[in-house]
Amino acid sequence: MPHTTSRRGLLFGTAAVSAGALLTACTSNDTKDDRAAANEQPAAADKPGKHVTIGFAGPQADHGWLNAINDNAKSRAEKYSDVSLEVTEGSNDTAQQIGQIETLINKKVDVLVVLPADGKALTQVGLKAMRAGIPVINLDRIFNSAQAYRCYIGGDNYGMGLNAGRYIGEKLKGKPNARVVELAGLDNLELTKQRTQGFDDALKNYPNIRKVARQAAEFTVESGQAKMAQLLQAQSEFDALWNHDDDQGVGALRAIEQAGRDDFLMVGGAGALSAFQAIKKDDGVLKATVLYPPSMAASAIDLARALGQGKGVGGLAEFEIPASITCYSAVVDRTNIDQYMSTGFR
C-alpha cells in the first residue's frame, strides 16, 4: 500500500517487454503458489539481451504491501539472465534512503527503480540520478518533478474508491434508503483523500444510497479494530462498509465479530491474502476487495530492463516505453477469487 513516511503515465516487434507480461502484472495473475503477484508471469522477452544492472531502492517493509513490493522486484529480476539487481536496505528515514540511492548512483547502475519513502523529499536525488545519465523508474509515490524520473508506474487511488463505490452501488441499487459507512486510512495522506473522493463520486450514481459515517484509521490492525468499534457503536444499522486497507481490515473484522454484526456487506482494499481467503470462504461480511497491486514492482523491473536495453513495450506502436503507467484497481470477489488468489500479499 502506498503510504506514509513512517510506514508504510515502439514500433513493431523489437520490444523487450511483452504487453501481456506488463499489463497482466499490473492487474491479474494465474499463478499456482502462494508467492506474491506476478512471480510466475513469463519473462518479458524470450532471448537475453544486453546485460542491465538495476538499482532498487524502496522504503522499509513495515506493511504487508511494502514487503510484497520488495518480493515482486527481487523475484522478477531473478527471471532474467541479463539482469543484475542491486538492492538497498529499505528505510523510512529519508536522509538514509537518499544516501542509499546516492551509493547506487556512484556504482553507476544502468537504471534505478525507486519507491521513495517520501516523494517530495527524494525529488532532488531523483534529479541527481537523471542528470548523471541514469534513468529512473519512479514507483508508486511520485516525485515532485517529472524531470526526476523517466517513467512513473503506480496504483490508482481514485480508481480504488471509484470501483469500491460502483461495486457497493450495484449490490444495493435495489434497496431503498441504503446506508453505507467508510473506514478510511490516514487523513493526512493525499491517497486517502483520493480514495474517498472516488468512492463519493461513484455513489453519486446511486441516489438511493447515502454515506452516513466515515472514520479514519491508520493502516494498522490495531487502528482498524479501534476505529471500526467506534463506527459500530455509532451506527446501529447500515448496509455496506468500505475499508481502505486490508491490513487494517483484519482489525475491523475482529471488531465486527466481537460486536456480533453480520447485517451488512464489506469491501476491502489492496489485496491481502487474508482478505482473499475470507472472500473465498464466504462465511462473513467481507465480500470483495479492490486491488492496489504490488505486482507494479515486477512491472517496474520489466520497464527498467527495457530502458537499459534501449527497447520499448510490445503491443504499442512506440519506440520508447511510456512516460507513465497507472495500474488498474480490479475488484476481486467470489466470482474471480481463484484467478487472483496467488497474488495476495501477507
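The values are calculated or read from the model by the stated rules, or taken from the named source; none is laboratory data. Quantities reported herein were computed from a predicted structural model and do not represent experimental measurements. All Cβ positions, glycine included, derive from the backbone under ideal geometry; neighbour counts span all protein chains shown. Ligands, DNA and RNA are excluded from the accessible area calculation, which covers all protein heavy atoms including side chains. Shrake-Rupley method; radii C 1.70, N 1.55, O 1.52, S 1.80 Å.
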- [ ] Give the ranking of R179, R131 by solvent-accessible surface, highest area first, calculated with a 1.4 Å probe.
- [x] R131, R179
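What does the C-alpha gyration tensor say about the overall shape of region 109-244? Classify as rounded when a/c is under 1.5, otherwise prolate if a/b is larger than b/c, or oblate. Working shown, then result.
Numbers: a/c = 4.04, a/b = 2.30, b/c = 1.76.
Cα axes put region 109-244 in the prolate bin.
What does the net charge come to around F56 if you take all other residues with beta carbon closer than 9 Å to its beta carbon, with K and R at +1 and D and E at -1?
Details: positive: K74; negative: E86.
Residues close to F56 contribute a combined charge of 0.
Return one quarter of the surface area of the convex hull spanned by the alpha-carbon atoms of region 276-326, equal to its mean projected area, in nm². Don't jump to the answer; show the numbers that get you there.
Details: hull surface 19.9 nm².
Average of the hull's projected areas for region 276-326 equals 5.0 nm².
Per 0.36 nm of contour for each residue apart, how much would the distance between S81 and L316 grow if the chain were fully extended, relative to their Cα-Cα spacing?
This chain segment gains 82.1 nm when fully extended.
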Task: Whole-Å distance, taken between Cα centres, linking region 236-282 and region 126-177 - done: 24
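With +1 on each Lys and Arg Cβ and -1 on each Asp and Glu Cβ, how big is the dipole of the chain about its Cα centre, in debye rounded to the nearest 20?
On the way: 37 positive and 40 negative charges, 108 e Å.
Once rounded to the nearest 20, the dipole reads 520 debye.
How large a share of the accessible area of region 152-236, in percent, is made up of carbon and sulfur atoms when the probe is 1.4 Å and the other protein chains stay in place? All intermediate terms of the calculation are to be shown ahead of the outcome.
Values: 1720 of 3830 Å².
Summing carbon and sulfur atoms, their accessible area is 45 percent of the total for region 152-236.
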Task: Three-way shape call for the chain based on the alpha-carbon gyration tensor, with the a/c threshold at 1.5 - done: prolate
Task: Set of aspartates and glutamates with alpha-carbon distance to K204 below 18 Å, sequence-local pairs under 8 removed - done: E170, E182, D239
Task: Flagged links, alpha-carbon separation over 20 Å, of K173/K280; K50/K107; K107/K128; K79/K107 - done: K173/K280; K79/K107
Open item on the list: On a full-extension model of 0.36 nm per residue, what is the gain between E170 and D93, subtracting their alpha-carbon distance, rounded to one decimal in nm?
Closed with: 23.4 nm
Task: Ellipticity estimate at 222 nm from DSSP helix runs (n ≥ 4, -39,500 (n - 2.57)) divided over the chain, nearest 500 - done: -11500 deg cm²/dmol
Open item on the list: Around Q225, under 15 Å between beta carbons, what's the net of Lys plus Arg minus Asp minus Glu among the other residues?
Closed with: -3
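Run the numbers for Q277 and T103: contour at 0.36 nm per residue of separation, minus the present Cα-Cα distance, in nm.
Numbers: separation 174, 0.36 × 174 = 62.64 nm, distance 4.10 nm.
Here the answer is 58.5 nm.
Under the rule a/c < 1.5 gives rounded, and otherwise a/b versus b/c splits prolate from oblate, where does region 154-310 land using the Cα gyration tensor?
Values: a/c = 1.96, a/b = 1.60, b/c = 1.22.
Cα axes put region 154-310 in the prolate bin.
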- [ ] For K311, go through the aspartates and glutamates and keep the ones whose alpha-carbon is under 15 Å away, minus same-chain ones fewer than eight residues off.
- [x] D46, D82, D110, D302, E320
TODO: Enter the accessible area per residue of region 192-286 (Å², integer; probe 1.4 Å; all protein chains in place).
DONE: 43
